[in-house]
Structures are given as structure tokens and as C-alpha cells.
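Heads up, the thing below is written out as C-alpha cells.
The values are calculated or read from the model by the stated rules, or taken from the named source; none is laboratory data. Being a predicted model, the structure only gives us computed values, none of them experimental. Neighbour counts run over all protein chains shown; Cβ positions are idealised from the backbone, glycine included. When the accessible area is computed, the model is the full protein with side chains, heavy atoms only, and any ligands, DNA or RNA have been set aside. Shrake-Rupley method; radii C 1.70, N 1.55, O 1.52, S 1.80 Å.
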Amino acid sequence: MANYALSNRVDASYTLTTLTPILNIRPEGNNPSHQARIREYFAKLPNGEASPFRKIPTLHLCRFVIVSDLPNQGFPSETDHLNSPYLLMVANMAGDWKDCIRSMVQQMRVEINAIFENCVGFPGTGNPSEFVDYVESCQMDSVFSFGAYTEATLYEVHRALDVQKRFRKFATENQGVDPGDLQANFRSFIEGLKTTKT
Amino acid sequence: MANISGKAAAITVITPMKWWKSYFLRLLFRMIKWGFFAKVQEHLIQLSFIHFAHWSIVKRGQFPRLSDDQPPDYTKYDYLVFVSNFNGSWDQYIDAFTEVIPMGMDNIWKWSEGFPGSVPEGPFFEYIKHNQFAAAYYYNATPGAGATDITSALKVNEELYEFEKSSRDMSPVEFEQAYQKFMIKVQNHLGETGLTEWERISAEGDIGAAELATAGGAK
């Protein structure tokens, strides 16, 4: 059920928001800036079925945004400029965020290195706890979070979608069936659900 | 199309606030939680097309500085960061927000510099577009299912579990009657999921673009 809270956590779900400074040093020769390297890497990184983020079993949604500078609102507002660009990461997950980050380090070591080696103070992925501490040092807390299915884990969501699809098929195929057959078919449908994995 | 992943779309909006105004906003969120704005609470729950959304406030001086070599970023303003994952088009989303909770939107963004009000929609659209950042990468674990699809699937599961438990010892005739009642209860939650033709073409286009970029980079 939909729910909201004044924190990062709403029921079982957690929103992790980090702002990580990107290296802003002049590249050697004609090499692209670190900000451009991150953009190029994300442009090449597959999404959908082939996304490396699919290896993370608790991650619902995740985005990376490069904040190059801050928007100007025109007169009479003042203007802020950033000295470094920042990499904004927002991840919606179920369960413990530190476990999720450790899982990223273990399952996506190459990708994490390729992204965060362009950021200030990146400790590498040799020690997952150091990377967790690094992420924590860049964390921004939510003041208000909202979610439509805050109590469900990603596994439960996948399972529910699978069961719904199979039950839709069952219901279509069993229209107008006599009561005895309907009951028997239903029992075997339930047994089928118990014995198959999502 | 990094702001779209399957059926989900991403919106990321960053707006400046005078530092002292951010305390009013924090208080407002607390008041929503405490039930001062019952209608806003109710409408938020009804915004079924949102997977997850949140607001964060980055205080002046809170931009992380992780090395002595990194010049500090001490801004004049606090910054309100709004992040949402929703289904449908950007226009539909902003439109629904302003239609359903205009007072809520006004109360949340009126502390931000240059906010024109959520009604009429034109200036509000422009304000959000001006302060919006495109995602460089956007991942969605359930690309074929919208937020409503997921809540429907969870509902079907819950009801199916209850029905299975309660119908174990019924006679065939009793079972048939109970099954019909069960179907009436869940029939609105059995819609098809999966990507539309347009979404499939778009996703294939993204994969193709990634492959082209990889091939180009390898040369």
C-alpha cells in the first residue's frame, strides 16, 4: 500500500540520495573531462534486460544525474555557481541500503570503478566497507518520501507480477467450466504456483 | 531518452530557497505527516502513477567536500531536490499534480525562488522545465509494469492467498460461488502488463545506441 514518511525509509523501502563531487581538474591533452567521461560511460552502459543493475536483487529503481551547475532564477534572485560538478545518485530499494551498496560493489565492480574513478576521494572497490563509508559521506537525507508499494521487496514484486499473469491465463481458460472441474483445476493451479520459482 | 526506462519516467528538479525558508518547508512536511492537511494526505495516496518520490534539502555548505584539493561549494541558497519515478508523460504528470493537489504543490514550492504558482499551468510547466536535470542513466527493475500494475499484482496475490486458504474445504458448488465473488473482487486488477509497441521500439533503440557507442569506442 502507498505510504509516506519524513525520512529515507518508508516501511521496507529506502531511498538513497547521494551527491558525489566529480573531479574538476584540467584533462591532459585532448582527453575529455571527468564529467564527460561519466556521460560517455553511461551512454554505452546497456539498460533494460542487459543492465548490470539487474544483478542487484533489492534495487527497484536507480538514476544518475550530472549536476554541472545550479539553475539561475533571474532578477532579483542571486546566482550560485558550483566549483565542481556533482554526480547525483538516487536509488530506491527494499531492505538495508548498506547491503545494497555492498552488493553493487560485489556484482558490479567494473561499472562502479568506471563511474566513481571520476569522482573526488573514491577509495576504490577493494574493500566494500570503505566504499559504503564513501557513499555515506555523500548522502543527503529525504525530508519527505512517498512510495506506492513500500512494503514489497523486489522479489515479491516480480513474484506478484508472475502470479497475476498466470492467474489471468487461468481465469480466461476456466470460464464456464463446471464447478467440480473448476475446483480441481484451481487446486492444481495453486500446486503449480508452489512448485515453480519466479 | 535517459529519463525513460520501460514504463517509468524520471523527473529531477532542483530549486533554490533562501536558507531560512527551508525551515518552513520542513515544518510543512511535518504538518502533512501530522494530519494538518488531510486532503493533501488523501490525494498523495491516490496518485497511483508514482512508484517512488521524495524531496531532499541540501543546506548551504552541505555540498560534500571530500578532499582538500576540492574547492568548497558554499552556496547562497539552500536547494530543494525533488525526485520522482512515475508512469505516463511528463506533461500528464505535472498536469495531474497540479489538478489533484494544487494547494499542496504551492505550499511545497512557494519557498523556492521564482516559483510562479502551480495554477495556471503554463508558467509552472516552464518553471519545472527550467529547473529540471536530465538523467544520464536510469534503471528500472520492472520495465514492463507501471506503479498501478504492481499494486494491482500485489492485491491479486493477497486476495488469491486468502481465497485459497478459505476455500480449501468447500464443496464444488460452494467453491464455484466463492470463486465468482473472488473474481468480482479482483477483476479490475487483472489487466495485461508489458511494454507497449512504442516502449519496445524505444527500449530497442536505447540498446542499439549503446551498442553503437560501444562499437565506436572500440575503434
**Item:** Accessible surface of segment B:16-114, 1.4 Å probe, proportion on carbon and sulfur as whole %
**Value:** 57 percent
**Prompt:** Measuring with a 1.4 Å probe in the full set of protein chains, what accessible area per residue, in whole Å², belongs to the protein assembly as shown?
**Reply:** 46 Å²
**Item:** Of B:N188, B:G35, B:A178, farthest towards positive along the dipole that unit charges on Lys, Arg, Asp, Glu beta carbons give chain B
**Value:** B:G35
**Prompt:** In segment B:61-112, which trypsin sites (Lys or Arg not before Pro) are in a loop and have at most 15 other Cβ atoms within 10 Å, using DSSP for the loop call?
**Reply:** B:K76
**Message:** Please give the Cα centre distance for segment A:37-85 versus segment A:154-198, rounded to the nearest Å.
**Reply:** 41 Å
**Message:** Please report the carbon-and-sulfur percent of the accessible area for chain A; probe 1.4 Å, protein heavy atoms only, DNA, RNA and ligands left out.
**Reply:** 49 percent
**Prompt:** What do you get for Rg/Rh over segment B:1-77 if you use C-alpha atoms and the Kirkwood form of Rh?
**Reply:** 1.07
**Item:** Calculated [θ] (222 nm, deg cm²/dmol) that DSSP helices of n ≥ 4 give over chain B, each run adding -39,500 (n - 2.57)
**Value:** -16000 deg cm²/dmol
**Asked** B:E164 versus A:N3, label points 7 Å from Cα toward the beta carbon: distance in nm?
**Response** 2.4 nm
**Message:** Students often get this wrong: which residues of segment A:1-43 have the backbone nitrogen under 14 Å from the point 7 angstrom along Cα-to-C-beta of B:E42?
**Reply:** none
**Complete:** So the angle from the long Cα axis of helix B:197-218 to the longest Cα principal axis of chain B, reported in degrees to the nearest 10, equals 50 degrees
**Request:** Please name whichever of A:S68, B:S166, B:I45 sits farthest to the positive end of the charge dipole of the protein assembly as shown, dipole taken about the Cα centre and charges placed at Cβ: Lys and Arg +1, Asp and Glu -1.
**Result:** A:S68
**Fill in**
A correct Karplus calculation of ³J(HN,Hα) over segment A:26-43, with 6.51 cos²θ - 1.76 cosθ + 1.60, θ = phi - 60°, whole Hz and x for Gly and Pro, returns 5, x, 6, x, 9, 5, x, 5, 5, 4, 5, 5, 5, 4, 4, 5, 5, 5
**Fill in**
Here P(r) for the protein assembly as shown, Cα-Cα distances in 10 Å bins, as whole percents, is 4, 20, 28, 24, 14, 6, 3, 1, 0
**Lys, Arg +1 and Asp, Glu -1 on Cβ, resulting dipole of chain B about Cα centre, debye, nearest 20** = 1080 debye
**Prompt:** Roughly how tilted is helix B:90-100, in degrees to the nearest 10 and between 0 and 90, from the longest Cα axis of chain B?
**Reply:** 80 degrees
**Fill in**
Rounded to the nearest 500, the 222 nm mean residue ellipticity computed for chain A from DSSP H runs (n ≥ 4, each -39500 (n - 2.57)) alone is -12500 deg cm²/dmol
**Item:** Shielding by partners, peptide A:149-157 (average Cβ within 10 angstrom, other chains)
**Value:** 3
**Cα-Cα separations in segment A:102-198 greater than 21 Å, expressed as whole percent** = 62 percent
**Message:** Can you give me the solvent accessible area of A:S7 with a 1.4 Å probe, rounded to the nearest 10 Å²?
**Reply:** 50 Å²
**Prompt:** For chain B, what size does the Cα cloud have along each of its three principal axes, sorted from largest down, in whole Å?
**Reply:** 75, 60, 39
**Message:** Compute, for the protein assembly as shown, the length of the dipole vector about the Cα centre, with Cβ point charges of +1 (Lys, Arg) and -1 (Asp, Glu) only. Units Debye, rounded to 20.
**Reply:** 520 debye
**Fill in**
Taking the dipole of segment A:46-140 about the Cα centre (Lys, Arg +1; Asp, Glu -1; charges at Cβ), the one of A:M89, A:Q106, A:Q139 that reaches farthest to the positive side is A:Q106
**Asked** What are the extents of the Cα atoms of segment A:54-97 along their three principal axes, listed from largest to smallest and rounded to whole Å?
**Response** 47, 19, 16
**Request:** Would you mind calculating the gained length between B:L27 and B:Q92 on full extension (0.36 nm times residue separation, minus the Cα-Cα distance), in nm to one decimal?
**Result:** 20.5 nm
**Accessible surface buried upon A-B contact (total; probe 1.4 Å; Å², nearest 100)** = 7800 Å²
**Complete:** Once the mean of 1/r over all distinct C-alpha pairs in chain A is inverted, the Kirkwood radius in Å reads 20.1 Å
**Complete:** To the nearest 0.05, the calculated FRET efficiency linking B:E121 and A:F75 through their beta-carbon distance, R0 being 22 Å, is 0.35
**Request:** Averaging sequence separations of C-alpha pairs under 8 Å and six or more residues apart, then dividing by the length of chain A, give the relative contact order as a whole percent.
**Result:** 34 percent
**Fill in**
Across B:S167, B:S22, B:S112, the residue with the highest GNM fluctuation in chain B (Cα network, 10 Å cutoff) is B:S167
**Message:** List the residues, sorted by chain then number, that are 5 or more residues from A:G124 or on another chain and whose placed amide H is less than 5 Å from its amide H.
**Reply:** none
**Fill in**
Length-normalised contact order of segment A:100-198, Cα under 8 Å, at least 6 apart, in percent, tallies to 18 percent
**Item:** 3J(HN,Hα) from dihedral phi, segment B:161-173, Karplus parametrisation 6.51/-1.76/1.60, rounded to Hz, x for glycine, proline
**Value:** 4, 5, 5, 4, 5, 7, 9, 4, 9, 7, 6, x, 5
